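Okay, so here's the structure we're looking at.
Derivation of every value follows stated rules applied to the coordinates shown; laboratory data play no part. Note that the structure is predicted; figures quoted are calculated from it, not measured. Backbone-built Cβ (ideal geometry, glycine too); neighbour counts: all protein chains shown.
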Amino acid sequence: MTRGPGTARDAPRVPPPGRGEASAAGRGDVASAGARLEVVRAGALTTVQDAGRTGLAHLGVPRAGALDGPARDLANRLVGNPPDAAVLETTLTGCSVRVTGPRPVTAVVGGAVCRVTVDGRPAAWGAPVRVPSGAVLEAGPALSGLRAYLAFDGGLVPEPVLGSRSADLLSGLGPPVLRDGDALPLGAVVPAHGCPAAGPVPWPGAPAELVLPVHQGPRHDWFTSAALRTFTTAVYRVSERSNRIGLRTEGPALERARGGELPSEGVVLGAVQVPPDGRPVVFLNDHPTTGGYPVVGVVAASALAAAAQAVPGTPVRFTAV
């Protein structure tokens with residue numbers, strides 16, 4: 001999956017923060033006596049993500065946050081964290097990290113199915129794993145799905161920006177995309193959240209077909225009746241040009257009923273924007289807060305977690321709500 005620009009015009013641009021190890025300040029978290037992660041292999045795209053920056057769209061600040069929220073929540077529950085604790089989100093190729101500091105760490109790798117090892121020895125996927133200090137936890141390339149989530153007891157505690165530790169690829173807010181050699185502090189384990197859950201738990205599988213319930217959009221009247229029928233009856237496919245900003249599709253183009261330009265206006269999570277090539281784009285968590293292409297529909301937010309795990313080529317159907 002590429003990390004190209006988004007599709008909306010007039011997207012807000014915010015200078016990214018400087019690179020370097022982040023402090024553990026903010027949200028009342030306390031770093032656990034120097035416990036941290038060192039990135040051994042960053043993979044194609046690995047970022048820190050929590051629940052995101054909500055309630056700031058009117059200031060031009062995107063949401064960000066883990067694309068597969070249920071996978072983040074479940075991984076955190078399995079290590080005894082609150083559901084919104086910051087985790088690592090990998091894309092397709094996985095990553096590996098070394099635990100350093102005075103204590104072993106309980107970790108979970110979930111989301112996309114992948115091979116998990118600790119110092120080269122096979123370990124459980126989707127269940128708590130003990131990682132001694134100095135050991136390397138490896139999440140291999142995705143075997144099913146697209147994005148894996150690595151949760152660690154105590155959570156990741158880089159410096160929060162506007163109330164969140166999430167990396168935003170569009171605005172540059174939050175921790176930068178991870179590179180080999182980067183270090184991230186871990187928070188203290190909070191007993192109030194209880195012991196890690198035990199026993200097998202159900203993890204949703206990657207969709208063989210992505211079905212997206214869609215409400216009528218504010219600019220549906222910019223498209224012909226035939227285009228609107230095509231939108232909710234045709235089979236599209238996930239494009240390899242998709243990223244955290246938007247899920248791009250390949251398939252029949254939607255014909256406009258009118259020409260001209262649309263003044264930029266607010267867009268929301270799940271908005272289905274139609275750029276000049278006519279192929280729908282579903283806005284995901286790093287989407288801009290304004291855009292100048294017409295929005296033909298809005299996908300229900302509850303369906304977007306499955307979109308986070310849809311690999312390129314997955315069939316996509318938009319169903320009218």
Helical contribution to [θ] at 222 nm, DSSP H n ≥ 4, -39,500 (n - 2.57), averaged over the chain, rounded to 500: -2000 deg cm²/dmol
message: Springs between alpha-carbon pairs under 10 angstrom, Gaussian network model over the chain: which of Ala208, Ala271, Ala51 fluctuates most?
response: Ala208
- request: Using θ = phi - 60° and the Karplus relation 6.51 cos²θ - 1.76 cosθ + 1.60, list the HN-Hα couplings for the stretch 232-241 in order, rounded to whole Hz, with x at every Gly or Pro.
  value: 9, 10, 6, 9, 9, 9, 5, 7, 5, 8
message: Which of Ala57, Ala306, Ala86 ends up with the largest GNM mean-square fluctuation for the chain, with Cα atoms connected below 10 Å?
response: Ala57
- prompt: In nm, to one decimal, how far is the modelled label at Arg41 from the one at Glu265, with both set 7 Å along Cα→Cβ?
  reply: 4.8
field: Under-5 Å amide H pairs with Arg219, H placed in peptide plane, nonlocal only
entry: Val295
- line: Rounded to one decimal in nm, the spacing of the 7 Å Cα→Cβ label points at Glu240 and Arg115 is 2.3
- prompt: Net charge near Arg41, counting Lys/Arg +1 and Asp/Glu -1 over other residues with Cβ under 13 Å of its Cβ?
  reply: -2
message: Amide H of Val105 versus every other amide H placed in the peptide plane: which residues, excluding those fewer than 5 positions away on the same chain, fall under 5 Å?
response: Val131, Ser133
- request: Hey, can you grab everything whose amide H is under 5 Å from the amide H of Gly246? Only 5+ residues off in sequence or another chain; H modelled, so Pro and N-termini drop out.
  value: Leu284
